[in-house]
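Written out below as structure tokens is the structure these notes cover.
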Amino acid sequence: MSEPQTIAVEFKHVMKSFGAKHVLNDVSFHIDQGQAVCLLGRSGTGKSVTLKLIMALIRPDSGEVWVDEDNVIDMEEKRLSVVRKKLGYLFQDAALFDSLTLYENLALPLSRLTKKPKDEIDDVVHRVLTDVGLGTDGAKYPSALSGGMKKRAGLARALVLEPKILLADEPSSGLDRITASEIDELLMRCKTERGTAQIIVTHDVHGARKIADRVAVLDRGNLVAFGSVDEVSQSENEVARKLITE
Amino acid sequence: MRWLSKLFEFVGKVGLFSLRVIVDSFRPPFEFAQFFRQVAEVGNKSLTLIVVSGFALGAVMTLHTRSTLVMFGATAMIPAVQAVSFFVEIGPLVAGLLLAGRVGSGIGAVLANMRASEQIDAIESLSIDSFKFLVVPRVLACVVVLPFLTLFMDFSGLLGGFLSEGLSSHIGPTLYFNRAFDYLQWSNFIAPTLKTAVFGFIIGSVSSYFGYTTDKGAQGVGEAATNSVVLSSLLIIVADVLLIKCIFFLFPDTAI
């Protein structure tokens with residue numbers, strides 16, 4: 001008998017609008033611990049907003065967003081910072097801090113949120129940077145990095161605290177096929193070795209087919225398909241079918 | 001009347017933002033590393049500009065003062081006029097305006113760029129209070145550094161005045177500086193220098209407000225830089241009027 005899966009993230013009837021524009025319309029789904037889900041959809045359909053709602057960087061108009069065992073809606077900042085420690089976030093353009101070196105970008109969360117001594121922080125940063133192929137670039141500033149290196153550095157920062165859940169916003173956009181494939185490999189390793197749940201916003205169907213246990217398709221704020229790649233490719237929804245079989 | 005309600009809304013927002021800076025300045029954890037980094041940045045960026053401007057302004061002022069005082073046979077008063085005018089008003093005000101242009105625009109642009117490139121969201125996602133991490137150290141750095149920059153402005157102005165006057169009348173440094181400080185009282189020096197801490201607070205708060213709260217992406221970066229300079233310069237001049245009244249009230253001797 002298999003063990004029941006723990007829910008990592010759950011949306012319950014989430015609505016979100018910006019002015020007159022409805023971005024998410026009664027969206028409900030859940031993602032189990034250790035599972036990778038790719039969010040697909042046309043531009044402006046609320047994929048990045050979904051990630052920001054999970055991180056509580058923005059709040060929904062109604063509904064509930066659960067992370068692990070906490071509803072992050074209306075949660076006070078102090079409690080929220082505890083929940084955020086379970087999450088790693090790779091931003092679309094990596095969002096590395098310009099004024100800090102790569103090493104400092106990764107050491108910042110470790111020195112602020114853990115009680116690790118400096119030697120241990122050095123070791124962890126070096127190990128994570130080596131994992132993403134940037135072991136010798138710690139002294140560089142983000143301005144000296146290429147697009148692919150920035151993405152890998154952003155991923156390293158998102159993983160440095162070994163989060164239970166990784167949110168990645170277009171991790172392979174703007175990258176060549178080889179670099180994109182390297183990022184996909186990193187994400188898969190992260191899932192298999194650490195059991196990290198992953199929610200990945202992507203337009204890269206090729207990558208999604210490789211990484212995802214399940215695929216969610218958003219269209220005009222509605223969740224129109226949710227299931228395995230095979231299930232979604234046979235979906236009744238035309239947009240979902242087109243996106244996954246393109 | 002719509003513009004009036006928008007104006008009040010804006011004033012209220014800037015006021016609440018500034019109040020949050022004050023409250024968060026006394027609330028742990030304290031961002032000492034960020035504060036010292038900002039102190040170094042603000043001082044580094046502005047010191048040369050302040051010293052060169054003060055020196056040039058001092059030389060020009062002496063030339064103008066001389067041409068007037070010569071008519072009354074009072075050229076011996078030039079060092080005193082120079083010292084009093086620099087320490088009481090020109091040094092603090094010009095240092096404030098220069099810092100608003102040099103550092104205020106930088107703070108506005110940097111924070112707006114961080115907002116546009118999601119760096120502020122990234123800080124929040126790392127469970128770090130972005131306001132305390134980015135805004136408070138910048139404002140406090142302006143508050144602490146501006147009085148020191150004002151001193152540099154005052155003394156470089158006096159030095160510029162001495163060189164200009166020395167070339168015209170061959171006055172020696174000892175006599176010049178003795179005359180300069182003869183008429184200067186502590187109240188002429190301490191209160192006007194300390195009032196620049198308020199100017200620093202205005203520059204830091206206003207610039208941080210425009211940068212931190214922008215939501216216009218890349219376009220917001222330029223707007224934040226421009227608005228930071230315009231509004232903080234304007235507020236410095238208005239605050240100067242009010243602060244002079246306060247100084248006259250606290251030190252009646254200086255009002256005579």
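Values quoted throughout were computed directly from the atomic coordinates according to the rules given, and no laboratory measurement underlies them. As the structure is a computational prediction, the values presented were derived from the model and not from experiment. Every residue, glycine as well, gets a Cβ built from its backbone with ideal geometry; the counts of neighbours run over all protein chains shown.
Need one number for the range A:101-246: average projected area of the convex hull over its C-alpha atoms, nm².
Over all viewing directions, the range A:101-246 projects a mean Cα-hull area of 9.7 nm².
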* To do: Return the single residue from B:V139, B:V60, B:V206 with maximal mean-square fluctuation; model: Gaussian network over chain B, springs between Cα atoms under 10 Å.
  => B:V60
* **Cα centroid separation, the range B:92-115 to the range B:176-232 (Å)** => 8
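Divide by every residue of the protein assembly as shown the summed helix terms, -39500 (n - 2.57) for each DSSP H run of at least 4, and state the resulting mean residue ellipticity at 222 nm, rounded to the nearest 500 deg cm²/dmol. Mind dumping the intermediate values first?
Values: 19 runs with 296 residues, N = 502.
Computed mean residue ellipticity for the protein assembly as shown: -19500 deg cm²/dmol.
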* **Non-local Lys pairs in chain B, i.e. 8 or more apart or on different chains, that have alpha carbons under 21 Å apart** => 4
* Structure fact -> When the charge dipole of the protein assembly as shown is computed with +1 at the Cβ of Lys and Arg and -1 at the Cβ of Asp and Glu, the Cα pointing farthest to the positive end, of B:P28, B:L97, B:P192, is that of B:P192
* **B:V230-A:E238 FRET efficiency (beta carbon distance; Förster radius 56 Å; 0.05 resolution)** => 0.60
* Asked: Hey, in the GNM for chain B with a 10 angstrom Cα cutoff, which one of B:A100, B:A40, B:A109 fluctuates hardest?
  -> B:A40
* **Cut-off under 5 Å, modelled amide H: who pairs with A:V23 long-range** => A:K16, A:S17, A:F18
* Asked: Rg/Rh for the range B:204-256: what does it come to with C-alpha atoms and Rh from Kirkwood?
  -> 1.27
* Asked: Which shape class, rounded, prolate or oblate, goes with the range B:135-182 when its Cα gyration tensor gives a ≥ b ≥ c as root eigenvalues, a/c under 1.5 marks rounded, and past that a/b bigger than b/c marks prolate?
  -> prolate
* Give me D for the range A:46-158 in µm² s⁻¹, whole number, from Stokes-Einstein with Rh from the Kirkwood sum over alpha-carbon pairs, 4 °C and 1.567 mPa s. => 84
* Structure fact -> Taking R0 as 25 Å and r as the Cβ-Cβ distance between B:V23 and B:L47, the FRET efficiency 1/(1 + (r/R0)^6), rounded to the nearest 0.05, comes to 0.20
* To do: Could I get the Rg over Rh figure for the range B:117-256? Both from C-alpha atoms, Rh via Kirkwood, rounded to two places.
  => 1.13
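Which value in Å is the Kirkwood Rh of chain B over different Cα pairs?
Result for chain B stands at 19.6 Å.
If you place +1 on the Cβ of every Lys and Arg, -1 on the Cβ of every Asp and Glu, and leave all else neutral, what size is the dipole of the protein assembly as shown about its Cα centre, to the nearest 20 Debye?
Working: 49 positive and 53 negative charges, 190 e Å.
The dipole magnitude comes to about 920 debye.
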* **A:R194-A:I73 pseudo-label distance in nm [points 7 Å out on the Cα-to-Cβ vector]** => 3.0
* **Cα Rg, Dmax, the protein assembly as shown, angstrom units** => 29.1, 107
* More than 25 Å apart: what percent of Cα pairs in chain A qualify? -> 42
